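Below are the structure tokens for one structure; questions will follow.
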Amino acid sequence: MGAKTLILGSSGQIGTELVLRLREIRGSENVIASDIRKGSYEVMESGPFEFLDVTHKDEILEVIQKYEVKEVYLMVAILSVIAEKNPKKAWELNMNTLFNVLELARDGHIERVFWPSSIAVFGPDTPRVNTPQDTIIKPTTVYGISKQAGENWCSYYERKYGVDVRSLRYPGLISYKATPGGGTTDYAVEIFHEAVKRGSYVSFLKAGTKLPMMYMDDAIRATVELMEAERPATFHSYNVGALSFSPEELAGAIKKQMPDFKIAYNPDSRQEIADTWPESIDDSRARKDWGWEPRVDLDTLVRSMLLGLHFSS
Ligand code: AKB
């Protein structure tokens, strides 16, 4: 029997697909899904699932001991838009859950941790085009501040206690199996749901707002490849690039498949968040350290999303 893996937050956008992919690779019984809410039918039916509140360290420990878990993916977070509405709650959830898992690793209960950071770690003073791995990091959102602090805490636990913790700075992630909740990049998922339902979409970001984006298949592969790579010499939350486009460019790619698709723009407060984030990412360090390479281009992404939503609706 292989070493067991626990996914915390398995009912979320990334968690849902990560569980399914890891079960394919490692065997269903070796990947334990967990969340405070039920997951998708596929997740619930394809292997073990535990209801668990990640803010309670003892509950995580119980599951780790029950299944002899060696590796934990912490996919729980309050994203950028919701975090702005409730800063203290977002800070507490994003940080306390990370501390819980880092402490369990420090105390020898698990051997390896994955924790997601984000392009939100960057701020308005950061170079926006081809944003480097190491650069000015002065986020102006609550979510970004929690990601910056989280990166520093991961680095601290690695240096001080030798914890093997690995991390990626995810761009906006696009997928159809589970919806994202409360992010600034969510427009790039909503647009597909509305295209299929209504043939039109009103974007909450301006036409020309370019952001770094990635199809979920690439994001899951990046995550698994990083976790399976040789342990990097020091902790980095790696920049991983794939695509960079604006709502107007995404609408143009959708129109190639659906010529009657229409887009309009009604920017709201989410525009202010997007304006502080990079347009595109320099991921040369990830390419050099563990061979990262994106595979899915914009046209392939659009076709997969429309097809996936068509068959699931
Ligand atoms: C968000 O928009 O808040 C997230 C992210 C970029 O981390 N999708």
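Which lysines, if any, have their Cα less than 21 Å from the Cα of residue 66, not counting same-chain residues under 8 positions apart?
4, 38, 57
What does DSSP give for the chain in terms of the percent of beta bridges that are antiparallel, rounded to the nearest 5? Display every interim value, and only then the final one.
Working: 3 of 33 bridges.
Beta bridges within the chain, antiparallel portion: roughly 10 percent.
For the chain, find the longest principal axis of its Cα atoms and tell me its angle to the long axis of helix 142-161, 0 to 90°, nearest 10.
Around 30 degrees separate the two axes.
For the chain, give the magnitude of the charge dipole about the Cα centre (Cβ charges: +1 Lys/Arg, -1 Asp/Glu; no others), in debye to the nearest 20.
320 debye
In terms of the Cα gyration tensor, with a ≥ b ≥ c the square roots of its eigenvalues, is the chain rounded because a/c is under 1.5, prolate because a/b exceeds b/c, or oblate? Mind showing how you got there, number by number?
Numbers: a/c = 1.70, a/b = 1.35, b/c = 1.26.
Judged from the Cα gyration tensor, the chain comes out prolate (a/c at least 1.5, a/b above b/c).
While we're looking at this one, here's another question. Which angle from 0 to 90°, rounded to the nearest 10, does the C-alpha axis of helix 57-67 make with the longest principal axis of the chain?
80 degrees
Carbon and sulfur: what percent of the chain's accessible surface (1.4 Å probe)? Kindly include the intermediate steps, with their values, before the conclusion.
Numbers: 6630 of 13640 Å².
Taking all protein chains in place, the chain shows 49 percent carbon and sulfur surface.
OK, next. As I understand it, the value is the acute angle between the Cα axis of helix 216-228 and the longest principal axis of the Cα atoms of the chain; what does it come to in degrees, rounded to 10?
On a 0 to 90 degree scale, this one is about 30.
How much accessible area does residue 89 have with a 1.4 Å probe, in Å² rounded to the nearest 10?
Its accessible surface works out to 120 Å², give or take rounding.
Zone of residue 225 (label point 7 Å along Cα→Cβ, backbone N under 17 Å): which residues in the range 289-313?
289-298, 301
So, for the chain, what is the accessible surface per residue at a probe of 1.4 Å, expressed in square angstrom? Working shown, then result.
Working: 13640 Å² over 313 residues.
Solvent-accessible surface per residue comes out at 44 Å².
With +1 assigned to the C-beta of every Lys and Arg and -1 to the C-beta of every Asp and Glu, and no other charges, what is the dipole magnitude of the range 17-131 about the Cα centre in debye, to the nearest 20? Present the calculation step by step, with values, prior to reporting the outcome.
Values: 14 positive and 19 negative charges, 77 e Å.
Dipole about the Cα centre, nearest 20: 360 debye.
At 7 Å along Cα-to-Cβ for each site, give me the label-to-label distance between residue 95 and residue 297 in nm.
Once both label points are built, they end up 4.5 nm from each other.
OK, next. Once R0 is set to 41 Å, what does the formula 1/(1 + (r/R0)^6) return for the Cβ-Cβ distance between residue 134 and residue 68, expressed as a FRET efficiency to the nearest 0.05?
For R0 = 41 Å, the calculated efficiency reads 0.60.
List the aspartates and glutamates whose Cα sits under 13 Å from the Cα of residue 177, skipping any in the same chain fewer than 8 residues away.
Within the straight-line limit of under 13 Å, residue 177 reaches these aspartates and glutamates: 17, 42, 190, 217.
Rounded to the nearest 500, what is the chain's calculated 222 nm mean residue ellipticity when only DSSP H runs of at least 4 contribute -39500 (n - 2.57) each, over all residues? Don't jump to the answer; show the numbers that get you there.
Values: 12 runs with 138 residues, N = 313.
Mean residue ellipticity at 222 nm (helix-derived): -13500 deg cm²/dmol.
Past the 29 Å Cα-Cα mark, which pairs from 70/210; 138/210; 138/256? The partial results should precede the final answer.
Values: 70/210 39 Å; 138/210 20 Å; 138/256 39 Å.
Pairs exceeding the cut-off: 70/210; 138/256.
Return the equivalent ellipsoid semi-axes of the range 1-74 as a descending list in whole Å, where each equals the square root of 5 times an eigenvalue of the C-alpha gyration tensor.
On the way: eigenvalues 55, 45, 18 Å².
Those come to 17, 15, 9 Å.
Taking the mean number of other Cβ atoms within 10 Å as a proxy for protection, how do you rank 305-312, 18-25 from highest to lowest? Can you show the working numbers first?
Working: 305-312: 14.4, 18-25: 20.8.
Final packing ranking: 18-25, 305-312.
Let me ask you something else. Decide, for the range 11-153, between rounded, prolate and oblate: order the square roots of the alpha carbon gyration tensor eigenvalues as a ≥ b ≥ c, take rounded if a/c falls under 1.5, and otherwise choose prolate if a/b is larger than b/c, else oblate.
It comes out prolate by the Cα gyration axes.
Please give the contour-minus-distance gain from residue 56 to residue 272: 0.36 nm per residue of separation, less the Cα-Cα distance, rounded to one decimal in nm.
Working: separation 216, 0.36 × 216 = 77.76 nm, distance 3.39 nm.
Computed gain between residue 56 and residue 272 is 74.4 nm.
The values are calculated or read from the model by the stated rules, or taken from the named source; none is laboratory data. Computed from a predicted structure; not experimentally measured. Methodologically, a virtual Cβ is constructed for each residue, glycine included, from the backbone with ideal geometry; neighbour enumeration extends over all protein chains shown. The protein model used for the area step is the full one, side chains on, heavy atoms only, and it has no ligands, DNA or RNA in it. Shrake-Rupley method; radii C 1.70, N 1.55, O 1.52, S 1.80 Å.
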